[in-house]
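Notes follow the structure.
The values are calculated or read from the model by the stated rules, or taken from the named source; none is laboratory data. This one's a predicted model, so the numbers in the text were calculated from it and none came from an experiment. Quick reminder, even Gly has a Cβ in these numbers, built from the backbone with ideal geometry, and neighbours come from all protein chains shown.
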Amino acid sequence: MNREDTAKLIGIVALGDNRTESDEMTIYWHDLLRDIRIEDALQAVTIHRRESTEWLQPAHIIRIVRAQRNLRLAAANPVHEPVADETVLQDLSRRAQLLTAAADGRIGPRPVHLALAKPDQPAALPPAVQDAVDAARSARGPLSVRCPFCETLAGTACRAGKRTKPGFFHPARIEAARPAAATADRPGP
């Protein structure tokens, strides 16, 4: 994020809490947030405003952005395959670029079996792995998946209106959390 982006971010933050903008504040926030993309910072402000009435600080943005990037990275299931004629530094650089692309959201969410699929192999999990996934999903229930209705992330309760309700799940989320064996026929090897 550059200083212009930081000034834009502070302007948006000021809309929510009537704080006074200044050049010193822009410099201070920029020093703390310079390695964060403006898109991620703006999304973090929105998330914070929806979930908290606390006075927004750079630490809130950093924490939310870190969590969002970790979720994107986990959902993307990036697969790094080494190349025979690369040096170690080239390999590490390519791996870092892959992980950054996944965390930035440039590699969309995909299940493990699709991430590991190759053109000559079908995209199906081995039965033992599928059984383990089904068991883990059923153990966590609706919290194990993102809600397709209110788009609440996995691990948090569904929103009803503007509030989250502990223990409340939309029917679409409950259906999405059912083990794959119960909702669809398992493809054969």
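For the stretch 152-168, the set of residues classified as under 20 Å from the mean Cα position of the chain (by Cα) and either of a type outside the set (Val, Ile, Thr) or modelled with pLDDT under 70 (or both) consists of Leu153, Ala154, Gly155, Ala157, Cys158, Arg159, Thr164, listed by residue number.
Mind checking which pairs have a first residue in the stretch 24-39 that is closer than 10 Å to Thr6 by Cα and a second that is assigned to a loop (DSSP other than H, G, I, E, B) and among the basic types (Lys, Arg), Cβ under 9 Å, 6 or more apart or different chains? Sorted first by the residue in the stretch 24-39, then by its partner, the pairs are Met25/Arg19.
Every condition in (1) at pLDDT 90 or above; (2) farther than 26 Å from Ala154 by Cβ; (3) among the hydrophobic types (A, V, I, L, M, F, W, C) is met by Ile64 except one, and the failing one is (2). Scanning the stretch 28-46 for residues that are within 17 Å of Arg106 (Cβ to Cβ) and polar (S, T, N, Q) returns a single hit, Gln43.
Just the residues that are assigned to a loop (DSSP other than H, G, I, E, B) and either among the hydroxyl-bearing types (Ser, Thr, Tyr) or in contact (Cβ under 8 Å) with a residue 60 or more places away in the chain (or both), please, taken from the stretch 42-88. Answer for the stretch 42-88, where residues must be assigned to a loop (DSSP other than H, G, I, E, B) and either among the hydroxyl-bearing types (Ser, Thr, Tyr) or in contact (Cβ under 8 Å) with a residue 60 or more places away in the chain (or both): Ser52, Thr53, Thr87.
Do we have Pro189 as at pLDDT below 70, out of contact with any strand residue (DSSP E or B) (no Cβ under 8 Å at 6 or more places or on another chain), closer than 30 Å to Arg49 by Cα and in a loop (DSSP other than H, G, I, E, B) here? In short, no.
So, Arg137, is that one surrounded by 14 or more Cβ atoms within 10 Å (Cβ to Cβ) and at pLDDT below 75 or not? It is true that Arg137 is surrounded by 14 or more Cβ atoms within 10 Å (Cβ to Cβ) and at pLDDT below 75. Which one of the conditions (1) loosely packed, with under 15 Cβ neighbours inside 10 Å; (2) over 27 Å from Arg34 (Cα atoms) does Arg110 fail to meet, given that it meets all the rest? Only one criterion is unmet by Arg110, namely (1). Within the set Ala102, Ala124, the sole residue that is at pLDDT below 90 and either in a helix (DSSP H, G or I) or surrounded by 12 or more Cβ atoms within 10 Å (Cβ to Cβ) (or both) turns out to be Ala124.
So if I check each of Ile27, Ile12, which one is among the aliphatic types (A, V, I, L, M), part of a helix (DSSP H, G or I) and more than 27 Å from Gly155 (Cβ to Cβ)? Result of the check over Ile27, Ile12: Ile27.
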